[in-house]
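Below you'll find the structure, written out as structure tokens, and then a few comments.
The values are calculated or read from the model by the stated rules, or taken from the named source; none is laboratory data. Being a predicted model, the structure only gives us computed values, none of them experimental. Positions of Cβ are backbone-derived with ideal geometry, glycine not excepted, and every protein chain shown enters the neighbour counts.
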Amino acid sequence: MTDARGQADAPAGAEEADAVSDPAPFATLNESGTADILLVCDHASNALPAAYGALGLDPELLRRHIAFDIGAADITRRMSKALDAPAVLSAYSRLLIDCNRRPGHATSIPAVSDGIEIPDNGGLDAAEIERRQNAYFHPFHEAVDTALARFSGRGVVPAYVAVHTFTPIMDGYERPWHMGVLWNRDPRLARPLIAALSEWPDVVVGDNQPYSGRDAVGYSIHAHGGDRGIPHVLVEVRQDLVDTHHGAELWAARVGRVVAAVVDREGPFDIERY
């Protein structure tokens, strides 16, 4: 389901803030999974801690893509189960603090997102910024570090796969891609993934589209993948394809099969910095 601007609304059952008991800043799935793959969902939830209310927004706006990657958590959970792969998911909206932005960047705690002002994010002092980093950003990435340490403990260099989704329309532009593969310099996952996905006759695959993995604004695949020499990729699926559980199930299966096949064919991996 999409709204009048072509922006997908959240599917039924989307995670929302619990006014009584705030969840932890991350969720982990299948910690003992046997696949040599770590799934990470940086924008999994539209939840906000109770003390923050709706950040001054109309709560309905938290169901839009500005608050989270619609369908991404659903895809990640399904891939984790199907591939028997561990997964780490963020538990709070990127409007609180974006787990895929470098701390201190202007978009880390956005004052405006897709033209929508976030009232309670304007004019934050250094103490509040640091508080959000320490309470929400760093614990999520420490959970990713812990998951990677489990692979290291058994002598495995995993494939790091970040799962995202993108709105079909941005700044008035209708995006033609069904999905995209974002990467920087390490080609070990990206090139075979793009080649395999491009074999689907009904799918338009973007190579560093609709965003680029070479953009230094991003954080996750650089900090946990490129900087460590771990093969990594960020996969994007268009939100109007996965804004229902049926759509998420279909795309999780399609993408999961290709990811598993590429990792099986290209691995085992070594630490390599490009």
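What to note about this one:
- Members of the range 103-127 that are of a type in the set (Asp, Glu) and either under 17 Å from Thr167 (Cβ atoms) or under 21 Å from the mean Cα position of the chain (by Cα) (or both): Asp114
- Residue that is assigned to a loop (DSSP other than H, G, I, E, B) and of a type in the set (A, V, I, L, M, F, W, C), where the choices are Leu148, Leu89, Leu193, Leu96: Leu96
- Residue match in the range 48-69 (condition: crowded, with 21+ Cβ neighbours inside 10 Å, within 16 Å of the chain's Cα centre (by Cα) and within 30 Å of Gly267 (Cα to Cα)): yes
- Of the residues making up the range 119-139, those that are assigned to a loop (DSSP other than H, G, I, E, B) and either among the small types (Gly, Ala, Ser) or closer than 23 Å to Val88 by Cβ (or both) are Gly122, Gly123.
- Test: residue in the range 123-131 that is surrounded by 18 or more Cβ atoms within 10 Å (Cβ to Cβ) and at pLDDT 95 or above: no
- Residue that is nearest to Leu250 (Cα to Cα), among those in the range 152-204 that are of a type in the set (Ser, Thr, Tyr) and in contact (Cβ under 8 Å) with a residue 60 or more places away in the chain: Thr165
- Count - residues of the range 259-268 that are touching a residue at least 24 places away in the same chain (Cβ under 8 Å) and surrounded by fewer than 18 Cβ atoms within 10 Å (Cβ to Cβ): 5
- So Ala248, is it assigned to a helix (DSSP H, G or I) and out of contact with any Asp or Glu (no Cβ under 9 Å at 6 or more places or on another chain): no
- Residue selected from the range 177-186 under the condition in contact with a Pro (Cβ under 9 Å, 6 or more places away or on another chain) and in a loop (DSSP other than H, G, I, E, B), by the criterion nearest to Tyr219 (Cα to Cα): Asp186
- A single member of Ala51, Ala73, Ala35, Ala67 is of a type in the set (Gly, Ala, Ser), touching a Cys at 6+ places or on another chain (Cβ under 6 Å) and not in a strand (DSSP E or B), and it is Ala73.
- Being touching a strand residue (DSSP E or B) at 6+ places or on another chain (Cβ under 6 Å), surrounded by 13 or more Cβ atoms within 10 Å (Cβ to Cβ) and farther than 24 Å from Leu62 by Cβ holds for only one residue in Ala147, Ala143, Ala162, and it is Ala147.
- Cβ-Cβ under 9 Å pairs, at least 6 apart or on other chains, the range 21-38 side without any contact (Cβ under 8 Å) to a residue 12 or more places away in the chain, far side exposed (fewer than 15 other Cβ atoms within 10 Å of the Cβ) and part of a loop (DSSP other than H, G, I, E, B): none
- Condition check for Asp171: on the phi > 0 side of the Ramachandran plot and of a type in the set (D, E, K, R): yes
- Filtered residue count, the range 75-105, keeping only those that are among the hydroxyl-bearing types (Ser, Thr, Tyr) and closer than 15 Å to Ala135 by Cα: 3
- When the test is whether a residue is over 18 Å from Pro110 (Cα atoms) and among the hydrophobic types (A, V, I, L, M, F, W, C), Leu62 does not pass it.
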